[in-house]
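**Q** One structure follows; several queries about it will come next.
The values are calculated or read from the model by the stated rules, or taken from the named source; none is laboratory data. Since this is a predicted model, take the numbers as computed values, not measurements. Don't worry about glycine lacking a Cβ; one is built from the backbone with ideal geometry, like all the others, and counts go over all protein chains shown. In case anyone asks, the SASA skips ligands and DNA or RNA and just uses the protein heavy atoms, side chains included. Shrake-Rupley method; radii C 1.70, N 1.55, O 1.52, S 1.80 Å.
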Amino acid sequence: MNKQILLKSRPTGMPVVENFTITEVPIPLLKEGELLVKAKYISVDPYMRGRMNEEESYIPPFEIGKPISGGVIAEVTESNHNYFNKGDIVMGNMLWQEQQAVNAERISSLNKDSEQLSYYLGILGMPGLTAYFGLLDIGKPKKGETVVISGAAGAVGMVVGQIARIKGCRVIGIAGSSAKTTYLRDNLQFDEAINYHSANLEKAISKACPNGVDIYFDNVGGEISDTVISHINKSARIIICGQISLYNETKIPVGPRIQSILLKKSALMQGFLVNDYADKFEKGNQDLSNWIKDGKLLYEQTIINGFEKLPEAFIGLFQGKNIGKYLVEVF
Ligand SMILES: NC(=O)c1ccc[n+]([C@@H]2O[C@H](COP(=O)([O-])OP(=O)(O)OC[C@H]3O[C@@H](n4cnc5c(N)ncnc54)[C@H](OP(=O)(O)O)[C@@H]3O)[C@@H](O)[C@H]2O)c1
């Protein structure tokens with residue numbers, strides 16, 4: 001019994017569980033330099049939606065009839081490599097498959113005694129580094145500035161807000177439920193949090209940002225971003241991290257032409273991919289770990305159990321089902 005999840009068909013609009021199939025494959029035999037690993041935590045991430053479309057992007061599309069792949073933390077159950085032993089914990093880009101053979105050169109080793117192993121897929125992994133480099137390198141936050149974050153209660157957003165607070169900024173988060181906005185205010189000490197489903201966003205932003213917006217960290221795009229951008233200050237920085245509100249659109253809606261706002265405000269708008277900073281990941285992880293140790297950076301995860309739940313968890317990202325990093329734990 002070795003389950004695997006394949007992309008059965010390409011989603012049109014919002015993905016549905018019928019776009020995926022669960023199948024069974026034999027437990028693979030190892031070649032030289034390979035490890036047999038058993039998945040422990042599997043990450044679901046918004047960028048995977050883009051890979052389900054036919055089009056070329058910065059990463060090739062998933063193929064129909066082939067397994068999905070992404071960030072996985074796994075335990076080594078058999079090793080054909082000198083460096084790794086049975087019982088080691090490893091992380092890397094792997095298949096959505098319970099047990100698989102991986103090339104030892106393509107994975108990294110984790111400290112198996114780490115209390116929060118799953119953090120390596122969240123705050124101490126790709127999402128945490130995305131928050132760190134996007135905010136600090138592009139946003140360049142200064143004490144007293146106003147920072148607005150959309151998708152603020154997610155894996156990336158909640159780290160951005162807390163780093164902005166560490167840097168002495170006033171922080172406003174936008175998220176999709178009152179449970180999330182309460183969490184941002186009460187647990188993470190955001191100065192304000194706005195529920196975009198219930199608030200009049202225009203009025204709420206005017207109220208929460210009486211001195212305008214100096215930095216906008218954009219995780220969602222669409223109308224939320226149009227509204228925030230209409231409030232930017234002179235020399236504002238707009239960090240384009242993600243556009244999740246558009247990932248399921250079959251025809252991208254046309255919004256306001258914002259170039260004249262950027263022009264009049266001498267503002268910067270810049271997109272980025274976390275891997276642009278690959279050579280600086282060590283420094284980013286060091287700072288993130290120190291802030292966690294010092295109690296300055298808290299983190300939340302939404303973990304559901306069961307390999308078969310992966311498609312449901314993935315779809316849940318687009319329904320706002322997660323607070324913090326969304327993961328599936330595999331037994
Ligand atoms: N540039 C990079 O290298 C990079 C790296 C990692 C992630 N990203 C991007 O960063 C963003 C956040 O990623 P993440 O991993 O931290 O995901 P996440 O925020 O943990 O999860 C996705 C969240 O997006 C929100 N959302 C879903 N549909 C929405 C809609 N139509 N309008 C507004 N909000 C919506 C939901 O929260 P609500 O309940 O608040 O709606 C959901 O919980 C994504 O756009 C992702 O693609 C970029």
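**Q** Any idea which of (1) open to solvent by less than 10 Å² (accessible area, probe 1.4 Å); (2) among the aliphatic types (A, V, I, L, M); (3) assigned to a loop (DSSP other than H, G, I, E, B) is the one Leu124 doesn't satisfy?
**A** (1)
**Q** Output the residues belonging to region 143-171 that are at negative phi and free of Cβ contacts under 8 Å to residues at least 40 places away in the same chain.
**A** Within region 143-171, the first condition is being at negative phi, and the residues that meet it are 143, 145-150, 152-167, 169-171.
Correct list: Lys143, Gly161, Arg165, Lys167, Arg170, Val171.
**Q** Residues in region 318-330 that are touching a residue at least 60 places away in the same chain (Cβ under 8 Å) and farther than 16 Å from Lys40 by Cβ: how many?
**A** Initial filter on region 318-330 (touching a residue at least 60 places away in the same chain (Cβ under 8 Å)): 318, 320, 322-330.
Restricting the remaining residues to those that are farther than 16 Å from Lys40 by Cβ gives 318, 320, 322-324.
Summing the residues that are touching a residue at least 60 places away in the same chain (Cβ under 8 Å) and farther than 16 Å from Lys40 by Cβ in region 318-330 gives 5.
**Q** Please work out if Ala199 is open to solvent by 20 Å² or more (accessible area, probe 1.4 Å), over 19 Å from Gly324 (Cβ atoms) and more than 10 Å from the ligand (Cβ to nearest atom).
**A** Working: open to solvent by 20 Å² or more (accessible area, probe 1.4 Å): yes; over 19 Å from Gly324 (Cβ atoms): yes; more than 10 Å from the ligand (Cβ to nearest atom): yes.
Judged against the criteria, Ala199 is a match.
For every residue, the table says whether it meets (1) open to solvent by less than 30 Å² (accessible area, probe 1.4 Å); (2) basic (Lys, Arg); (3) under 23 Å from Thr302 (Cα atoms).
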| site | (1), (2), (3) |
| --- | --- |
| Ser79 | no, no, no |
| Val90 | yes, no, yes |
| Asn93 | no, no, yes |
| Trp96 | yes, no, yes |
| Glu105 | no, no, no |
| Tyr132 | yes, no, yes |
| Lys143 | no, yes, no |
| Val147 | yes, no, no |
| Gly173 | yes, no, yes |
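**Q** Where residues in region 236-245 are in contact with a helix residue (DSSP H, G or I) (Cβ under 6 Å, 6 or more places away or on another chain) and near the ligand (Cβ under 8 Å from one of its atoms), which of them is nearest to Lys265 (Cα to Cα)? Before the answer, list the steps.
**A** Step one: list which residues in region 236-245 are in contact with a helix residue (DSSP H, G or I) (Cβ under 6 Å, 6 or more places away or on another chain), which gives 237, 239, 241, 245.
Next cut, near the ligand (Cβ under 8 Å from one of its atoms) only: 241, 245.
Details: Cys241: 21, Ser245: 26 Å.
Looking at residues that are in contact with a helix residue (DSSP H, G or I) (Cβ under 6 Å, 6 or more places away or on another chain) and near the ligand (Cβ under 8 Å from one of its atoms), I get Cys241.
**Q** Just give me the residues in region 220-242 being in a helix (DSSP H, G or I) and out of contact with any Leu (no Cβ under 9 Å at 6 or more places or on another chain), in sequence order.
**A** Residues of region 220-242 in a helix (DSSP H, G or I): 222-229.
Answer for region 220-242, where residues must be in a helix (DSSP H, G or I) and out of contact with any Leu (no Cβ under 9 Å at 6 or more places or on another chain): Ser225, Asp226.
**Q** For region 215-243, give me each residue that is buried (at least 20 other Cβ atoms within 10 Å of the Cβ) and either of a type in the set (Phe, Trp, Tyr) or touching a Pro at 6+ places or on another chain (Cβ under 7 Å) (or both).
**A** Answer for region 215-243, where residues must be buried (at least 20 other Cβ atoms within 10 Å of the Cβ) and either of a type in the set (Phe, Trp, Tyr) or touching a Pro at 6+ places or on another chain (Cβ under 7 Å) (or both): Ile215, Tyr216, Phe217, Gly242.
**Q** Could you list, in sequence order, the residues of region 321-331 that are within 16 Å of the ligand (Cβ to nearest atom) and either open to solvent by 20 Å² or more (accessible area, probe 1.4 Å) or part of a loop (DSSP other than H, G, I, E, B) (or both)? Spell out the reasoning first.
**A** Within region 321-331, the subset within 16 Å of the ligand (Cβ to nearest atom) is 321-328.
Correct list: Lys321, Asn322, Ile323.
**Q** In addition: Restricting the first residue to region 212-224 and requiring it to be farther than 18 Å from Ala131 by Cα, which pairs with a second residue that is open to solvent by 10 Å² or more (accessible area, probe 1.4 Å) and among the hydrophobic types (A, V, I, L, M, F, W, C) meet a Cβ separation below 7 Å and a spacing of at least six or different chains?
**A** Qualifying pairs under 7 Å: Gly222/Leu246; Ile224/Leu201.
**Q** In addition: Show me the helices (runs of 4 or more DSSP H) found entirely inside region 134-208 where at least 3 residues are touching a helix residue (DSSP H, G or I) at 6+ places or on another chain (Cβ under 8 Å).
**A** Per the criteria, 157-166, 201-208.
**Q** All but one of (1) within 16 Å of the ligand (Cβ to nearest atom); (2) in contact with a Leu (Cβ under 7 Å, 6 or more places away or on another chain); (3) among the small types (Gly, Ala, Ser) hold for Ser79, so report the exception by its number.
**A** Checking Ser79 against (1) within 16 Å of the ligand (Cβ to nearest atom); (2) in contact with a Leu (Cβ under 7 Å, 6 or more places away or on another chain); (3) among the small types (Gly, Ala, Ser), the one that fails is (1).
**Q** Taking only region 277-320 into account, find how many residues are under 24 Å from Ile163 (Cα atoms), within 8 Å of the ligand (Cβ to nearest atom) and open to solvent by 30 Å² or more (accessible area, probe 1.4 Å). Before you say what the answer is, go through the steps one by one.
**A** Taking region 277-320 and keeping what is under 24 Å from Ile163 (Cα atoms), we get 277-303, 317, 320.
Next cut, within 8 Å of the ligand (Cβ to nearest atom) only: 317, 320.
Imposing the further condition that a residue be open to solvent by 30 Å² or more (accessible area, probe 1.4 Å) reduces the set to 320.
Count: 1.
**Q** Also: Enumerate the pairs (first residue in region 303-317 and at positive phi; second residue anywhere and outside any helix (DSSP H, G or I)) with beta-carbon separation below 9 Å, excluding pairs fewer than 6 apart on the same chain, so at least 6 apart or on different chains.
**A** Taking only residues 6 or more apart or on different chains, the pairs are Gly306/Val328; Gly306/Glu329; Gly306/Val330; Gly306/Phe331.
**Q** Regarding region 250-259, can at least one residue be identified that is away from the ligand (no atom under 12 Å from the Cβ), more than 16 Å from the chain's Cα centre (by Cα), over 30 Å from Ala208 (Cβ atoms) and without any contact (Cβ under 8 Å) to a residue 24 or more places away in the chain? Step through it out loud before you land on a result.
**A** First, pick out the residues of region 250-259 that are away from the ligand (no atom under 12 Å from the Cβ): 250-252, 254-259.
Next, from what is left, pick out any that are more than 16 Å from the chain's Cα centre (by Cα): 250-252, 254-259.
Still in the list and also over 30 Å from Ala208 (Cβ atoms): 250-251.
Narrowing further to those that are without any contact (Cβ under 8 Å) to a residue 24 or more places away in the chain: 251.
Yes, some residue in region 250-259 is away from the ligand (no atom under 12 Å from the Cβ), more than 16 Å from the chain's Cα centre (by Cα), over 30 Å from Ala208 (Cβ atoms) and without any contact (Cβ under 8 Å) to a residue 24 or more places away in the chain.
**Q** Are any residues in region 301-317 touching a Phe, Trp or Tyr at 6+ places or on another chain (Cβ under 7 Å) and farther than 20 Å from Met1 by Cβ, and if so, which ones?
**A** Matches in region 301-317: Thr302, Ala313, Gly316, Leu317.
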